[in-house]
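See below for the structure under consideration.
Read-outs throughout are calculated quantities, based only on the coordinates presented, and are distinct from any laboratory measurement. Fair warning: this is a prediction, and the values are worked out from it, not measured in the lab.
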Amino acid sequence: MTLLTRFDRLNPFEDLTTIRNQFDRILARFNPEFDAEVLNTPWAPPADVIETKDAITIKVELPGMTEKDITVEMENGVVTLRGERKLYKELPEKAYRNIERFFGKFVRTFLLPPNVEFNKITATYINGLLELTLPKKEEAKPKTIHVEVKKLPIAA
């Protein structure tokens, strides 16, 4: 076993991530809202999309970046995240044994449902986690309707 083989770790999700990225690129070809930049980016940061009765939240992992490295745009019901994570230069090139993190430009797009208040979308970036909050329109929120039960008079 060579020194480099010891540092080569098995990542069972690597193939799934590759398949997902390829699938996203295939779907993007059929959507005119996507530009060529989406199809040519080498990596995409992982994201969680959480829906509650009041809002949709998108959480994107972007460790090692600053808010200046990230651009969030919204147009025609599509939120687009763009940015670039630069390769760190602390160590001489020959000192690297294995680099598993992705570097370079990225683009992520999210098609939003029509029930989102587009003018109230907020974005925060804390400790490497970008969080987009997309409030739902009031008419789209679930409502509870009280049902009144009337008792029939009892015949004597």
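For the residue pairs LYS59/LYS105; LYS53/LYS143; LYS68/LYS136; LYS53/LYS120, the alpha carbons lie more than 21 Å apart in LYS68/LYS136. Once the Cα-Cα distance is subtracted from the 0.36 nm per residue extended length, the LYS86 to ARG20 segment shows a gain of 21.4 nm.
Sequence-ordered 3J(HN,Hα) estimates for region 63-80 from the Karplus curve with 6.51, -1.76 and 1.60 and θ = phi - 60° stand at x, x, 10, 10, 5, 6, 7, 10, 10, 10, 10, 10, 8, 6, x, 10, 9, 10 Hz, glycine and proline given as x. Taking amide H atoms as placed 1.01 Å from N in the peptide plane, the amide H of LYS136 lies under 5 Å from those of ALA55, ILE56, GLU117, each 5 or more residues away in sequence or on another chain.
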